[in-house]
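The values are calculated or read from the model by the stated rules, or taken from the named source; none is laboratory data. Given the structure is predicted, the values throughout are model-derived calculations rather than measurements. All Cβ positions, glycine included, derive from the backbone under ideal geometry; neighbour counts span all protein chains shown. Protein only, heavy atoms only, side chains kept; ligands, DNA and RNA dropped before computing areas. Shrake-Rupley method; radii C 1.70, N 1.55, O 1.52, S 1.80 Å.
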Amino acid sequence: MDKSKVIFGNKISDKDYKSALKSKKSYIKKFGDDSAVDYKIKVTDNKVIGPLLGVKNIVVSSAGVSEGEMDTGKGIIVGNIRMGFGHYRISMAMASYARHLGYTPYWLDLNSYPETTCTKVIGHQNDLYSLGSRLSKNPIFNKLVWEPTNYEGFRALTYNAKDQKNAELMAPVYKNVPKDIPVIATHVWPAQAAIHAGMKHVVNAIPDNWPMALHLSEGSLHTIQCKNAYMGYRILNGMNKKKVCQPMPQEDLVYTGHYIDYELVENIEKDCEARLNRKKSGKAMRFLLTIGGAGAQKEIFAEIIKYLIPYIKDNKAMLYVNVGDYRNVWDQLVSEIPEMAALKHEHMDNWEDTLAFTEKALDPNAEITGIHGFYHKDIFEAVYTTNLLMRSCDVLVTKPSELAFYPVPKLFIKRVGKHEMWGAIHSAEIGDGTLECRDIPHTIQMLDQFLNTRLLDEMCESIVLNKNMGIYDGAKKVVELAMKLKEDNK
């Protein structure tokens, strides 16, 4: 059955199916059809997260011959796209647990093969999404276009029908990938493309907890991070307006818990104890400000920094500021806030320095003061710096995106897209994060709560409790499920 005609037993109208066909044809006209190209694969070492997480890269190219062998017994593919930082971060969690459990993780980024139609299509969509994220700072655009698109537009089965048809253009990158190696996809396109390409064991690790048809990849095993989303996906809630949908088969859907790196989960008690000890001994509270892949939070960061500067001068607070691969954001902050000059310590595109600093910051006797800025041109370094800083920070300041699920006390600033709203709601419910602070006054109020009340203590207590309940075991369970699919089909 054509996956754009019927989705989990729900028939798509002829009109909407024709629209899906038209979408695919328009991309072919724009970027070409490379379905007949024999793309070779080359296995290379990942120089950044390879030493940390055991990751090897899969390079796809029509030139030359295939090089390097993939371990068909212990190998596991982490299929992803670079669209923002979230999907890379979730992929790193999967790779972390794959390595811990004795497997070899292979990194397959569908947005990193510029000669392919696949990457051209994803790159085009990524540019549109990044533009929308930046334009969402305009309240009129946000209300009339951006939030409705991210909330109800992506929710519709008709959107999935179009995506499925477009994903057929992404399948060629899997052409010479051994079909029996399990695939964990941290975005729906690598899952859909894998199914279209004939990959036999595919897990679709759904990142958001607002149920949307955007994330459906029929033929995959779908995993979910929280119970609310599980129930929504189970009945495809609201995905065909007010019409009751045919539900997903129960065997296609699994609740796993949050997708978190082994290193972070393993050290939860130790890191929470260090946070409480710093507070008891009167040391500066460490706030980690981390910017997303669309680079849309600079103005909020500026107000937070301005408010905290008196506390930083009194050694009651200190800041880690990770601007990812947006050096311009750091430069603008320093220019706009002159008082930063005397307080700043820059860690600019020096990975060895960053590794050394993050290790030092874990030492309970280390005195970390001022404002530490981090920038890395390399996407792996840009993303993983936050993971490394997370362990030694006290409070993570972030929009409620994929970081909403991480086991660290969190202060949520304004979302970028209404679907992110539910990340803050879920985190507040399980006690490891605040409500979403949608303006500066409420953000400042929450900073005061961390600095002057027991809020940090309460969140640390909740995080330890959540770990004992298995809430942060999602990445481990996803890896186990992926390998079980292979074992069960031998």
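Per DSSP H run of n ≥ 4, the term is -39500 (n - 2.57); total these for the chain, divide by its residue number, and report the mean residue ellipticity at 222 nm rounded to 500 deg cm²/dmol. Present the calculation step by step, with values, prior to reporting the outcome.
Numbers: 17 runs with 202 residues, N = 490.
Here the helix-only value at 222 nm equals -13000 deg cm²/dmol.
If I model a spin label as a point 7 Å beyond the Cα along the Cα-Cβ vector, how far apart are those points for LYS316 and ALA36 in nm?
Distance between the two pseudo-spin positions: 7.2 nm.
For the pairs LYS165/LYS298; LYS143/LYS165; LYS165/LYS227; LYS377/LYS418; LYS47/LYS74, flag any whose C-alpha to C-alpha distance is greater than 32 Å.
Details: LYS165/LYS298 37 Å; LYS143/LYS165 29 Å; LYS165/LYS227 30 Å; LYS377/LYS418 29 Å; LYS47/LYS74 21 Å.
Beyond 32 Å between Cα atoms: LYS165/LYS298.
How far is the Cα center of segment 24-88 from the Cα center of segment 433-486, in Å?
Cα centroid to Cα centroid, the span is 32 Å.
Give me the net charge of LEU52's neighbourhood, meaning all other residues with Cβ under 15 Å from the Cβ of LEU52; Lys, Arg count +1, Asp, Glu -1.
Numbers: positive: LYS47, LYS56, ARG89, ARG99, ARG391; negative: ASP45, ASP261, GLU263, GLU266, GLU352, GLU359, ASP378, GLU381.
Charge balance near LEU52 sits at -3.
Measuring from centroid to centroid over Cα atoms, what is the spacing of segment 214-258 and segment 117-151 in Å?
So the separation of the two Cα centres works out to 24 Å.
Roughly speaking, to the nearest percent, how much of the chain's 1.4 Å accessible area is carbon and sulfur? It would help to have the intermediate numbers written out before the result.
Working: 10120 of 19520 Å².
Ligands and nucleic acids excluded, carbon and sulfur give 52 percent.
Mind listing the Cα extents of segment 217-314 along all three principal axes, in Å, largest one first?
Principal-axis extents of segment 217-314 (Cα, largest first): 60, 34, 21 Å.
P(r) for segment 58-112: what percent of alpha-carbon pairs falls in each 10 Å bin, starting at zero?
Percent of pairs per bin, in order: 24, 46, 28, 3.
Rounded, prolate or oblate: which one fits segment 148-190, using the alpha carbon gyration tensor with axes a ≥ b ≥ c (rounded when a/c is under 1.5, else prolate when a/b beats b/c, else oblate)? Intermediate values should be presented prior to the final figure.
Values: a/c = 3.69, a/b = 2.20, b/c = 1.68.
Prolate, because a/c is 1.5 or more and a/b exceeds b/c.
Hey, what's segment 251-310 come to in accessible area per residue, 1.4 Å probe, Å²?
Values: 2090 Å² over 60 residues.
Roughly 35 Å² per residue, with all protein chains present.
So which cysteines in the chain don't have a second cysteine's C-beta under 4.7 Å from them?
When partners are defined as cysteine Cβ atoms under 4.7 Å apart, the chain leaves CYS118, CYS226, CYS245, CYS393, CYS437 without one.
Ratio to report: Rg/Rh of the chain, with Cα atoms as the point set and Rh obtained by the Kirkwood method; give two decimals. Intermediate values should be presented prior to the final figure.
Values: Rg = 22.2 Å, Rh = 23.1 Å.
Using Cα coordinates only, the ratio equals 0.96.
Quick one, what does Rg over Rh come out to for segment 249-382 if you take C-alpha atoms and the Kirkwood Rh?
Working: Rg = 17.1 Å, Rh = 16.6 Å.
Checking Rg against Rh, the ratio lands at 1.03.
If you stretched the chain out fully between LEU362 and GLU273, how much longer would it get, using 0.36 nm times the residue separation minus the C-alpha to C-alpha distance?
My answer for the length gained is 30.9 nm.
Could you compute how fast segment 365-467 diffuses translationally, taking Rh as the Kirkwood radius over C-alpha pairs and applying Stokes-Einstein at 4 °C with viscosity 1.567 mPa s? Give it in µm² per second. If you can, show how the numbers build up before the last one.
Details: Rh = 14.5 Å.
Answer from the Stokes-Einstein relation: 89 µm²/s.
LYS241: which aspartates and glutamates have alpha carbons under 12 Å from its alpha carbon, excluding same-chain residues fewer than 8 sequence positions away?
List returned: GLU152.
What does the highest-first list of 227-238, 140-151, 358-369, 396-407 look like by mean Cβ count within 10 Å?
Values: 227-238: 17.8, 140-151: 16.3, 358-369: 13.2, 396-407: 26.1.
Ranking, from highest mean packing down: 396-407, 227-238, 140-151, 358-369.
One-quarter of the Cα convex hull surface for segment 1-152, in nm²? Provide the component values of the computation, followed by the final result.
Numbers: hull surface 50.2 nm².
Projected area, direction-averaged: 12.5 nm².
When the C-alpha atoms of segment 14-95 are aligned to their principal axes, what extent does each axis show, in angstrom, from largest down?
49, 33, 24
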